[in-house]
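Have a look at the structure below before the remarks.
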């Protein structure tokens, strides 16, 4: 066994955690969070990207040896959450690793809260970002392009992207500084309920897209059957839990088979 990899090798780096954090190391970890989706696997999902983002911080905290190997192994486990939350989680994990290195926090306690934190944020992210905010962004962009305001759509895209970058930087820093206390701040934001409000707004924007993209004149009473149909479909999904994909497949089959059904009915009479 080499001197570097011995069980007490970490003691040869007594000042490793004292040099952390530095702006350079934190910036490197933050930039690497943008690549978290580049190494997705079916077994560990985003764990390769997470380990890659954490590595500069772990090396600065532990220096080397067995403790660094154990810390790296903690991030080789299954990891999957919404990518917008990854900077926040990397910041939180770096702050907690620094506490572990100083003996303030135990590994067992860290492991007990890590999984719950990841999957809670995953559910919030999928609902708020994936199911609400990004849809709002895309539908608004479509409305602007369809109404002939292409430049405004580009400005909106640049503004939203800049806001996303600032959000990631802010959550990374506060995640590192506050640790798990940042979750209380997120709880006060009430993102789940805000996501529901955005979804109602998205429903109106979807109608606006149809109106703007409709190829012919709009006759309001011709839209009534569509409103009844989609309203009934939504009620059916909510009441029965029926898969939307199955319902859409059934509607598509009816649409494609409608000419054949018409011919069959006319042939009977």
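The values are calculated or read from the model by the stated rules, or taken from the named source; none is laboratory data. Keep in mind the model is a prediction, meaning the values are calculated, not measured. When we count neighbours, we look across all protein chains shown, and the Cβ atoms used for this are built from the backbone with ideal geometry, even at glycine.
Among the residues here, residue 89 qualifies as modelled with pLDDT of 85 or more, in contact with a strand residue (DSSP E or B) (Cβ under 9 Å, 6 or more places away or on another chain) and either closer than 17 Å to residue 183 by Cα or outside the structural domain of residue 191 (by TED's automatic domain parsing) (or both).
Checked against the criterion of being out of contact with any helix residue (DSSP H, G or I) (no Cβ under 6 Å at 6 or more places or on another chain) and touching a residue at least 40 places away in the same chain (Cβ under 8 Å), the candidates 81, 117, 106, 86 yield just one match: 117.
Scanning segment 208-226 for residues that are in a loop (DSSP other than H, G, I, E, B) and out of contact with any helix residue (DSSP H, G or I) (no Cβ under 7 Å at 6 or more places or on another chain), we see that the one that is surrounded by the fewest Cβ atoms within 10 Å (Cβ to Cβ) is 215. Checked against the criterion of being buried (at least 17 other Cβ atoms within 10 Å of the Cβ), in a helix (DSSP H, G or I), modelled with pLDDT under 85 and on the phi < 0 side of the Ramachandran plot, segment 8-15 contains one or more residues that satisfy it.
Quick one: which helices (runs of 4 or more DSSP H) sit completely within segment 117-192 and have at least 1 residues that are surrounded by 13 or more Cβ atoms within 10 Å (Cβ to Cβ), assigned by TED's automatic domain parsing to the domain that holds residue 90 and more than 19 Å from the chain's Cα centre (by Cα)?
It comes to 134-146, 150-178.
Considering 205, 252, 236, 229, which residue is surrounded by 14 or more Cβ atoms within 10 Å (Cβ to Cβ), part of a helix (DSSP H, G or I) and not assigned by TED's automatic domain parsing to the domain that holds residue 21?
Details: 252 fails: surrounded by 14 or more Cβ atoms within 10 Å (Cβ to Cβ); 236 fails: surrounded by 14 or more Cβ atoms within 10 Å (Cβ to Cβ); 229 fails: surrounded by 14 or more Cβ atoms within 10 Å (Cβ to Cβ).
None of the others qualify; the one that does is 205.
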